[in-house]
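Below you'll find the structure, written out as structure tokens, and then a few comments.
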Amino acid sequence: MSTLEGLLNKLATFYGALPTPPRDPFTLFVWEVLSVHSTPYKRDAALAALKRIRALTPDAMWRAPQKKLEQAVGLAGPYNEQRLRALRTGVDMFRRSPRLPEMGEGGAYRMLLFAADHPVLPVDARVSRVARRLGFGDQQGSFTKTARSVREAIAKQLRGSPDAYRHAFLYLAHHGGATCTEGDPHCAVCPLLENCPEGKKRQHV
């Protein structure tokens, strides 16, 4: 067992089972849109509402009554118009290229991992922060270069299966949002404190 795998096991014990993003490409895209500036509870409520009105395929969402769509998406919280605009763009992309449309780098990596079974690590701000504080990867001149550094460091620690990468992403991202936050990390309750150089340094300040 690698060092990182041991740390991930600690996170799994600490947080318990975490919900997995959808595997269907279009549903995963919708999940991504609903996640922005939202909470998991609100995101899941909006996704469930879209499922109830049968709007979780590109064609079905394109045909869905606008008012019902607005009400369902609105359950995710503020920025409703921005979400609807992003969903309209996504519907157009998926209707042109239903398998794997072009997306931003972060969304593309999540799409490759969760919908296409590629063993790649999506590195967002949460994953980058947790990994670097634990010593996996270094801060570089741009986020893209930093993400590459983190991705390369973590790849050396994981078995090459998509499941291993999904497990790593879920727990690193959740930890980065729940405990290892940017401005005020909760190091005193962190299950990884004894293995975290950054956490130890903060505790002794």
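The values are calculated or read from the model by the stated rules, or taken from the named source; none is laboratory data. Treat the numbers as computed from the prediction; the structure is a model and nothing was measured. All Cβ positions, even for glycine, are placed from backbone atoms using ideal geometry, and neighbour counts span all protein chains on display.
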Quick one: which helices (runs of 4 or more DSSP H) sit completely within the range 14-71 and have at least 2 residues that are closer than 30 Å to residue 180 by Cα? 25-35, 40-52
Scanning the range 153-165 residue by residue, the ones that are in contact with a Leu (Cβ under 6 Å, 6 or more places away or on another chain) and either closer than 16 Å to residue 21 by Cα or of a type in the set (A, V, I, L, M, F, W, C) (or both) total 3
Can you confirm whether residue 123 is among the aliphatic types (A, V, I, L, M), in contact (Cβ under 8 Å) with a residue 12 or more places away in the chain, closer than 26 Å to residue 198 by Cβ and crowded, with 17+ Cβ neighbours inside 10 Å? yes
Of (1) at positive phi; (2) assigned by TED's automatic domain parsing to the domain that holds residue 133, residue 12 fails just (1)
Touching a residue at least 60 places away in the same chain (Cβ under 8 Å) and either in the same structural domain as residue 122 (by TED's automatic domain parsing) or within 17 Å of residue 13 (Cα to Cα) (or both): which single residue out of 182, 198, 152, 194 fits that description? 198
Taking residue 99 and the conditions (1) modelled with pLDDT of 90 or more; (2) exposed (fewer than 15 other Cβ atoms within 10 Å of the Cβ), which numbered condition does it fall short on, given that it satisfies the others? (1)
Tally up the residues in the range 124-162 that are under 16 Å from residue 175 (Cα atoms), at pLDDT 95 or above and part of a loop (DSSP other than H, G, I, E, B), please. 3
So which of 64, 86, 48, 76 is of a type outside the set (Lys, Arg), closer than 22 Å to residue 19 by Cα, surrounded by 15 or more Cβ atoms within 10 Å (Cβ to Cβ) and free of Cβ contacts under 8 Å to residues at least 60 places away in the same chain? 76
When you scan the range 72-84, how many residues do you find that are in a helix (DSSP H, G or I) and farther than 17 Å from residue 28 by Cα? 4
The conditions are (1) under 12 Å from residue 27 (Cα atoms); (2) out of contact with any helix residue (DSSP H, G or I) (no Cβ under 6 Å at 6 or more places or on another chain), and residue 58 fails exactly one of them. Which is it? (2)
Would you say residue 5 is of a type in the set (Asp, Glu), farther than 24 Å from residue 109 by Cα and at pLDDT 95 or above? no
